[in-house]
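The values are calculated or read from the model by the stated rules, or taken from the named source; none is laboratory data. Fair warning: this is a prediction, and the values are worked out from it, not measured in the lab. In this analysis, Cβ positions are derived from the backbone assuming ideal geometry, glycine residues included, and neighbour counts consider all displayed protein chains. All accessible areas refer to the heavy atoms of the entire protein, side chains included, with ligands and DNA or RNA removed. Shrake-Rupley method; radii C 1.70, N 1.55, O 1.52, S 1.80 Å.
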Amino acid sequence: MGKLNARGQRVLKILHLITAGLWVGGAVALNLMNASLGPGQSGAELFGYDMARKFVDDFIIIPGAMGCLLTGLFISWLTPWGFFKHSWVTVKWILTVTCILFGTFILGPMINGQPPISEALGLEALADPVYQANRNNNQLLGGLQLLAIFFMVAISTLKPWKKAAKK
Ligand code: HEM
């Protein structure tokens, strides 16, 4: 398979950075909302919060993560960077796929589980064991996911472990 010309590679990188920005920005927003979620003044307010977090997940994080994966795939396939030529690219592959699976099967269900509870129970949702567990676990595990995403931005910029790549 031939490689993209220089212009095509630049366009691909722009798309990669836009989607990476969406993923980073969405993850930061969710974590900040998690940390600042107070008891609220009413059940409607709590439900609004939960719906807003679901919105950020569905319309910013998921498209960002999928876009990163897709543009990463095309960068590996259609540019000289390749899939396993550089250790940092291999690590990004492992981390991106792991984070997407973690987001899909662990974090996503916690976020999607909240609106039906706050819609049904109003402010009393805050005392509901499932609602509380979702919130606490999401705070901890969402923070870990954010650290992994920051790490990917850092290694993308530093492009470390060059000696290992040459072997
Ligand atoms: C399948 C997964 C991924 C692959 C294979 C991949 C691969 C690459 C490659 C090869 C570059 C260098 C492109 C160039 O300079 O022409 C790059 C740049 C970059 N990637 Fe990724 N990437 C992936 C996922 C991600 C993720 C999840 C993020 C962050 C959320 C990310 C953030 C960045 C950033 C910020 C740069 C620009 C670094 C710079 O030029 O200094 N990438 N990526």
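Here are the numbers for the structure shown:
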quantity: Separation in nanometres of the label points that stand 7 Å from Cα toward Cβ, at Asn5 and Ala127; calculated: 6.9 nm
quantity: Whole-angstrom gap from segment 107-167 to segment 19-63, using each part's C-alpha centre; calculated: 11 Å
quantity: Loop-resident sites, segment 55-161, for chymotrypsin sites (Phe, Trp or Tyr not before Pro), counting at most 12 other Cβ within 10 Å (DSSP); calculated: Phe84
quantity: Table column - 3J(HN,Hα) (Hz), segment 66-77, Karplus curve with 6.51, -1.76, 1.60, x for Gly and Pro; calculated: 5, x, 4, 4, 5, 5, x, 4, 5, 5, 5, 7
quantity: Relative contact order computed over segment 1-147 (Cα-Cα under 8 Å; 6+ residues apart), in percent; calculated: 35 percent
quantity: Residue-normalised accessible area of the chain, expressed per residue, 1.4 Å probe, Å²; calculated: 58 Å²
quantity: The chain, accessible surface, carbon-and-sulfur percent (1.4 angstrom probe); calculated: 73 percent
quantity: Shape of segment 18-87, Cα gyration tensor, a/c cut at 1.5; calculated: prolate
quantity: Estimated FRET transfer efficiency (Leu70, Ile94; beta-carbon r; R0 22 Å; 0.05); calculated: 0.80
quantity: Vicinal HN-Hα couplings computed from phi for segment 101-112 (Karplus, 6.51 cos²θ - 1.76 cosθ + 1.60; Hz; Gly/Pro x); calculated: 5, 4, x, 6, 9, 10, 6, x, x, 5, 5, 6
quantity: Cα shape, segment 117-166, gyration tensor, a/c 1.5 rule; calculated: prolate
quantity: Cα-based Kirkwood hydrodynamic radius, the chain, one decimal, Å; calculated: 17.4 Å
quantity: Simple Cβ-charge dipole of the chain, Lys/Arg +1 and Asp/Glu -1, about Cα centre, in debye nearest 20; calculated: 1680 debye
